[in-house]
Amino acid sequence: MRNYYSTALVTALLLLLSACTNIHYANDFKAGTDFNGLKTYSWRAVSVDIGGIDQTFLQNLADAQLQSQGFTKVTSNSDLLIDMQVFSRVSSGGNTSIGIGIGLPVGRHGSVGLGTGQTVGKGKQVGVIVFDITQTSSNTLIWRGNAEDIPLINFSLKAETKLRESFAKLLSPFPPQATAK
């Protein structure tokens with residue numbers, strides 16, 4: 001009976017761990033862009049396609065992060081234009097799986113085995129944030145950042161701290177630091 005509870009506990013822990021998602025962050029920028037002197041921004045377009053989340057709430061989180069990095073929001077004549085898209089998609093899954101195997105001894109030297117596996121996490125709805133920054137003077141996209149596989153539960157007022165952390169990780173690489181030559 002004790003082995004049954006131990007096995008059930010281990011199985012439950014594996015299921016719990018496999019349900020955790022990792023948010024993936026990426027960014028890219030236009031090579032040769034001089035980011036010095038680009039200090040003001042204004043919003044150009046915001047698209048939010050996740051139900052129950054307010055566009056203004058997301059913009060305020062982004063504003064707070066950008067302002068903490070030394071940028072100033074203005075209503076006209078900005079150095080930068082900001083576009084943000086927020087939407088959900090079905091996760092591509094990955095190689096997260098759970099396997100169970102049972103072996104029975106047969107005779108002195110033989111055994112029979114049975115195994116099965118189940119992929120978990122596939123087909124789950126997750127959130128994506130895409131952040132485009134365009135240089136106003138040339139109307140050129142100079143930086144793009146995205147955060148993928150954000151649990152939809154993070155897009156709620158109750159999870160503001162987690163969403164704030166996502167914006168910090170997404171926007172902290174902007175502007176890109178000069179690389180050594």
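Quick notes on this structure:
- A simple spin-label model places pseudo-atoms 7 Å from Cα toward Cβ; at Asp54 and Ser92 they are separated by 3.5 nm.
- Charge dipole of the stretch 128-180 (Cα centre as origin; +1 on each Lys and Arg Cβ, -1 on each Asp and Glu Cβ, all else neutral): 120 debye, rounded to the nearest 20.
- Using θ = phi - 60° in the Karplus curve 6.51 cos²θ - 1.76 cosθ + 1.60, the 3J(HN,Hα) couplings for the stretch 47-61 round to 10, 10, 10, 10, x, x, 10, 8, 4, 5, 4, 5, 4, 5, 5 Hz; x is entered for Gly and Pro.
- Scanning residues 5 or more positions from Trp43 or on other chains, those with amide H under 5 Å from its amide H are Ile82, with H placed 1.01 Å from N in the peptide plane.
- Ranking of Trp43, Trp143 by solvent-accessible surface, largest first: Trp43, Trp143 (1.4 Å probe, protein heavy atoms only, all chains present).
The values are calculated or read from the model by the stated rules, or taken from the named source; none is laboratory data. Not measured: the values here are computed from a predicted model. Methodologically, a virtual Cβ is constructed for each residue, glycine included, from the backbone with ideal geometry; neighbour enumeration extends over all protein chains shown. These area figures cover heavy atoms from the full protein model, side chains too; ligands, DNA and RNA do not enter into them. Shrake-Rupley method; radii C 1.70, N 1.55, O 1.52, S 1.80 Å.
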